[in-house]
Amino acid sequence: MTHTDPIADMLTRIRNGIMVRRDTVDIPASKIKSSIALTMKEEGYIDDVEVIENEGPGSTLRVSLRYDRDGNPAIQEITRISSPGCRVYRQAEEVPQVRGGLGATIVTTSRGVMSGRKARELGVGGEIICTLF
């Protein structure tokens, strides 16, 4: 099955997994999705990312979701910003802060996928993929 926006599909699978309190979510793997998941892990929104090789074509990305002691998810809100039909690019100083710096922005730059905070520190802009809180 082909998707017009595989990144939005990934974010929706994570959002749905959190809603039903799943421990892990399986997503069809790609390099960009792996990079986004690793950035989420670096920012502390998910526990682990693992690539599982399938017998057939393609591989699967297994994302372990993070919850606190009370069972509340680390990701309260996840929003896709740039889409295939409407790309959103920002310079380094224009990369948005989410909820006054409490959330995270994921940006794809010429130096790879990184958090908005790191992009501002390095002085590189790029496409705003999504925001997390």
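Bear in mind that the values in this text are calculations on the coordinates, not laboratory data. Keep in mind it's a predicted model, so treat the numbers as computed, not measured. Note that each Cβ is placed from the backbone with ideal geometry, even for glycine, and that neighbours are counted across all protein chains shown.
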Residues of the range 53-71 classified as assigned to a loop (DSSP other than H, G, I, E, B) and surrounded by 12 or more Cβ atoms within 10 Å (Cβ to Cβ), total: 1
Hey, residue 50 part of a strand (DSSP E or B) and either among the charged types (D, E, K, R) or surrounded by fewer than 15 Cβ atoms within 10 Å (Cβ to Cβ) (or both) or not: yes
Residue count, the range 74-133 (criterion: farther than 21 Å from residue 45 by Cβ, in contact (Cβ under 8 Å) with a residue 24 or more places away in the chain, of a type outside the set (D, E, K, R) and in a loop (DSSP other than H, G, I, E, B)): 5
Output for the range 97-114, where each listed residue is closer than 29 Å to residue 21 by Cα, of a type outside the set (Gly, Ala, Ser) and surrounded by fewer than 16 Cβ atoms within 10 Å (Cβ to Cβ): 97, 99, 102
